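Encoded as structure tokens, the structure appears first; notes follow it.
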Amino acid sequence: MLSQELETKTRRNRYDYHLSEIIRQRAWVEINQQALIHNVAEIKGLLSPKTALMAVVKADAYGHGAIKVAQTALDAGANGLAIATLGEGIELREAGITAPILILGAINTSEEIAAIAQWQLQPTLCNPQQALIFSDTLSKLGQTLPVHLKLDTGMSRLGTPWHQATDFVRLVQQLPYLKIATIYSHLATADDPDRSEMERQHRRFKQAIAQLKSHGLPLPPLHFANSAATLVNPNLHYDLVRVGLALYGLYPAPHLRSFADLKPVLQVKAKVTQVKTIPPGTGVSYGYQFVSDRTMDVAVVGIGYADGVPRNLSNRLEVLIRGQRVRQIGAITMDQLMLDVSAIPNLQVGEVVTLIGKDGDQEITADDWANKLGTISWEILCGFKHRLPRIMVKSSSNKLVEI
């Protein structure tokens, strides 16, 4: 029996090894674990010893792979996690993660509340009506739950208006089975060089807290800062900071680069699947958005808009091959794109193309894509689909591990 189990395990390991090779025959996302650890250390270096770091791993850790990123961030010194949805929290719990997990999104049904209690997650309460639903459901379960109260200080999204903070907090404190874990708010313009609106929101937050104190209400821990605010102003750190984008090595705005030495965690790579030569006047891809003006070597690469490469980058995208910049030509298709590789001698099928990341002295970033598209790097990172396997790169050994 033992020999059969050993043989089965050996076959499985052999299969897993071949699978890890197979999944990188087309396209994949590499996650640099050492860069992530470095970024956690950089961010913690900005904080006082009393300020905790909450790693924001919503949206599959901004496309990086939530489970492995969460585990790595916690091991590196993060004190808790934040996600957006109930399902994201359950996924982390099922992976064996026991750290505090804050749900940033609004929960409004008894079924969801029961699941939160079962999985020991920590919800955000945004208004009195929601608090009453939680209290009623938890009373039937006979279970107390830590909750985080959100104040709207100017984002005009989730949260009770800041000037109603006293009534909101007093209500929740009186409700059985609810224990206030923190009070927090969210900044709308922390990445703007003009800090006047951020300061206005901060004044509102401080006024709300002052009102609570004046009414003799005990204060739980407070938090206010996102990535940008964490970088620019220690006065916004309070008892913890919620850091997302900076954790992944990107800056919320160019003027914030001097505040920390962050390293991009994610790279997107694919392989050449065919190389051909076309004559002048040859159309390339759907609609002939590109027509060759000379004899041209064209490489087909196995990645497309179904993987998260925006079709609007067609004929505007650059990639890296052998440390050189190469332009993309023709319409980006669902599963493939084409490159003008005339300047790359003797390019072979199977060679690696870097779409986002470094190759030699050259680098292409998510910000580069975002700037061309008139969007933000957050959207680019979250756009890479799950058919692209996430491969954790452990830099010390250059070992690749699928996550």
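The values are calculated or read from the model by the stated rules, or taken from the named source; none is laboratory data. Since we're looking at a predicted model, the values are computed, not measured. Positions of Cβ are generated from backbone atoms using ideal geometry, with glycine treated the same way; all protein chains shown enter the neighbour counts. We work out accessible area using only protein heavy atoms, side chains counted, and drop any ligands, DNA or RNA first. Shrake-Rupley method; radii C 1.70, N 1.55, O 1.52, S 1.80 Å.
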- Item | Filtered residue count, segment 117-156, keeping only those that are out of contact with any strand residue (DSSP E or B) (no Cβ under 9 Å at 6 or more places or on another chain), part of a loop (DSSP other than H, G, I, E, B) and open to solvent by 50 Å² or more (accessible area, probe 1.4 Å) | 4
- Within the bounds of segment 225-235, is there any residue that is in a loop (DSSP other than H, G, I, E, B), buried (at least 17 other Cβ atoms within 10 Å of the Cβ), in contact with a Lys or Arg (Cβ under 9 Å, 6 or more places away or on another chain) and aliphatic (A, V, I, L, M)? yes
- Task: State which residue is farthest from His38 (Cα to Cα) when the search covers only segment 370-403 and only residues that are open to solvent by 70 Å² or more (accessible area, probe 1.4 Å) and at pLDDT below 95.
- Result: Arg387
- Query: Does segment 297-314 hold any residues that are touching a strand residue (DSSP E or B) at 6+ places or on another chain (Cβ under 6 Å) and either open to solvent by 10 Å² or more (accessible area, probe 1.4 Å) or not assigned by the TED database to the domain that holds Gln328 (or both), and which are they?
  - Reply: Asp297, Val300
- Selected residue [surrounded by fewer than 18 Cβ atoms within 10 Å (Cβ to Cβ), at pLDDT below 95 and in contact with a Lys or Arg (Cβ under 8 Å, 6 or more places away or on another chain)] from Gln4, Gln25, Gln34: Gln25
- For segment 287-296, state whether one or more residues are assigned to a strand (DSSP E or B), open to solvent by 70 Å² or more (accessible area, probe 1.4 Å) and of a type in the set (A, V, I, L, M, F, W, C). yes
- From the list Leu187, Leu222, Leu178, which residue is over 19 Å from Leu47 (Cβ atoms) and either open to solvent by less than 20 Å² (accessible area, probe 1.4 Å) or not hydroxyl-bearing (Ser, Thr, Tyr) (or both)? Leu178
- Task: Could you list all residues from segment 157-171 that are surrounded by fewer than 20 Cβ atoms within 10 Å (Cβ to Cβ) and either aliphatic (A, V, I, L, M) or touching a Gly at 6+ places or on another chain (Cβ under 6 Å) (or both)?
- Result: Leu158, Leu171
- When residues of segment 90-111 are filtered for being closer than 18 Å to Leu138 by Cα and open to solvent by less than 40 Å² (accessible area, probe 1.4 Å), how many remain? 3
- Message: Regarding segment 200-215, can at least one residue be identified that is in contact with an Asp or Glu (Cβ under 9 Å, 6 or more places away or on another chain), modelled with pLDDT of 95 or more and open to solvent by less than 60 Å² (accessible area, probe 1.4 Å)?
- Response: no
- Do we have Val169 as hydrophobic (A, V, I, L, M, F, W, C), over 25 Å from Ala59 (Cβ atoms) and part of a helix (DSSP H, G or I) here? yes
- Which one is surrounded by the fewest Cβ atoms within 10 Å (Cβ to Cβ) among residues in segment 355-369 that are small (Gly, Ala, Ser) and out of contact with any helix residue (DSSP H, G or I) (no Cβ under 8 Å at 6 or more places or on another chain)? Gly360
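Please note which strands (runs of 3 or more DSSP E) are completely contained in segment 311-403 and include at least 3 residues that are farther than 24 Å from Val275 by Cα.
390-394, 399-402
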